[in-house]
Amino acid sequence: YYGGTGSSPLGDALLYFTSVKVSLDVDVNRTGAVSQGVKDKGSWSWGPDGTGAILLVNCDRDRQNTNTTDGQDLGLPNEADLKDMSQMVLTAKGPDKIFTDHQLALHISCQDATKMKVYGRGRYFYTQVLGGTKLLYKVNRGNEEKIDFYVEGSDFPDMGFNGLVYINLSLLRCCDETEIFLEKVVFRLTPWIMTPNTQDPLEVFVCCVCSNEKFLQDLTDFVKKANCKLNICPETENKGDRWIQDEMEFGYIEAPHKLLPVVLDSPRDRELNVLPFKKILGPDFGYVTREPENKKEIDSLDGFGNLEVSPPVTANGKNYPLGRILIGGSFPE
């Protein structure tokens with residue numbers, strides 16, 4: 001320091017600058033891999049040119065010793081489970097002393113904790129660090145500059161939930177817990193997409209009941225010509241309920257890294273009500289259902305024979321690349 005006009009130094013001091021890199025990254029660009037160096041990770045937009053990470057609902061069953069879907073199971077995820085999840089990478093580069101004096105923390109809201117879970121690597125397995133009752137996770141960085149996490153979707157977008165969930169990263173000063181850095185990433189949970197019956201079939205489901213032997217034989221011959229699989233539900237299982245098209249509807253969910261077929265189970269709950277869960281839910285085949293709180297509200301329109309989706313269509317100048325879902329009758333009242 002030379003003072004106002006002096007030519008000789010009045011004093012000197014050394015000032016040290018230290019830089020650190022802290023970021024939380026996900027597949028913002030929807031390429032199937034974590035996007036690095038993207039600035040706006042906390043917003044989401046639709047369309048082929050849109051940005052924002054996508055989160056599959058983990059609604060299949062890769063673990064056969066459970067009575068629920070993987071996303072509702074409380075057990076540790078296996079390798080197949082991790083492939084159904086979206087990867088998230090925490091980067092923390094800088095002198096180790098900085099991270100001794102500062103704490104990295106991941107945190108989510110109470111509302112989002114019911115829609116997703118986050119898994120971090122433990123000593124031997126990936127264990128749950130966020131979701132459910134776990135809203136805050138203090139990251140033990142060790143000497144690692146990059147730490148991998150996997151994010152699992154637990155619920156579908158629905159009335160009252162637009163599908164967006166957020167994960168926040170904070171860098172806190174340990175001495176007084178002052179937050180000196182904050183950023184967030186956003187995921188959108190995948191909606192269930194219904195497939196039109198104009199697509200080529202892969203598998204046909206039908207019921208065997210009294211007096212439909214000729215129909216089954218004709219259908220068997222037709223399915224062979226179509227080169228697809230025939231799955232016949234015997235009368236011992238359907239208990240005389242032949243209306244399998246009322247019980248379930250097929251669709252799928254999709255993220256950049258994976259597509260998962262998903263069966264939607266109707267709330268009609270007649271004799272075939274256990275078929276979708278017991279016979280179709282399995283590895284890489286998901287399951288979802290919706291029922292009203294008051295089952296007396298269920299009526300004939302809740303049978304999925306009344307539910308169809310059109311092929312891709314343009315109506316009134318607007319393009320619907322996934323078609324439009326139709327429910328009910330086709331005749332005006």
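Taking the residues in the stretch 223-280 that are under 30 Å from Gln87 (Cβ atoms) and among the aromatic types (Phe, Trp, Tyr) as candidates, determine which candidate is farthest from the chain's Cα centre (by Cα).
Phe277
Pro292 - would you say it is exposed (fewer than 15 other Cβ atoms within 10 Å of the Cβ), touching a residue at least 40 places away in the same chain (Cβ under 8 Å), not β-branched (Val, Ile, Thr) and not in a strand (DSSP E or B)?
no
Identify, from the list Leu90, Leu106, Leu135, the residue that is touching a Cys at 6+ places or on another chain (Cβ under 8 Å), under 22 Å from Leu76 (Cβ atoms) and at pLDDT 95 or above.
Unique residue meeting the criteria: Leu135.
Which residues, counting only those in the stretch 260-289, are surrounded by fewer than 16 Cβ atoms within 10 Å (Cβ to Cβ), in contact (Cβ under 8 Å) with a residue 60 or more places away in the chain and outside any strand (DSSP E or B)?
The answer is Pro283, Asp284.
Within the stretch 250-274, which residues are aliphatic (A, V, I, L, M) and closer than 18 Å to Pro201 by Cβ?
Leu259, Val262, Val263, Leu264
Tally up the residues in the stretch 295-325 that are closer than 17 Å to Leu272 by Cβ and in a strand (DSSP E or B), please.
1
Given the conditions (1) surrounded by 13 or more Cβ atoms within 10 Å (Cβ to Cβ); (2) assigned by TED's automatic domain parsing to the domain that holds Arg270, which single one is not true for Phe222?
(1)
Within the stretch 277-299, identify whether any single residue is in contact with a Gly (Cβ under 7 Å, 6 or more places away or on another chain) and closer than 26 Å to Leu56 by Cβ, and answer yes or no.
Taking every residue of the stretch 277-299 in turn, none turns out to be in contact with a Gly (Cβ under 7 Å, 6 or more places away or on another chain) and closer than 26 Å to Leu56 by Cβ.
A quick yes/no check of all residues on (1) in contact (Cβ under 8 Å) with a residue 60 or more places away in the chain; (2) closer than 14 Å to Leu106 by Cα; (3) out of contact with any helix residue (DSSP H, G or I) (no Cβ under 8 Å at 6 or more places or on another chain):
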site: Leu130; (1), (2), (3): no, yes, no
site: Lys134; (1), (2), (3): no, yes, no
site: Val139; (1), (2), (3): no, yes, yes
site: Gly142; (1), (2), (3): no, no, yes
site: Asp148; (1), (2), (3): yes, yes, yes
site: Met159; (1), (2), (3): no, no, yes
site: Asn168; (1), (2), (3): yes, yes, yes
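Could you please give the count of residues in the stretch 188-215 that are farther than 25 Å from Pro321 by Cβ and either of a type in the set (S, T, N, Q) or exposed (fewer than 15 other Cβ atoms within 10 Å of the Cβ) (or both)?
6
Considering each of Gln87, Gln103, Gln111 in turn, give the residue that is within 24 Å of Arg61 (Cβ to Cβ) and among the polar types (S, T, N, Q).
Unique residue meeting the criteria: Gln87.
The values are calculated or read from the model by the stated rules, or taken from the named source; none is laboratory data. Quick caveat: nothing in here was measured; it's all calculated off a predicted structure. Cβ: placed from backbone, ideal geometry, glycine included. Neighbour counts: every protein chain shown.
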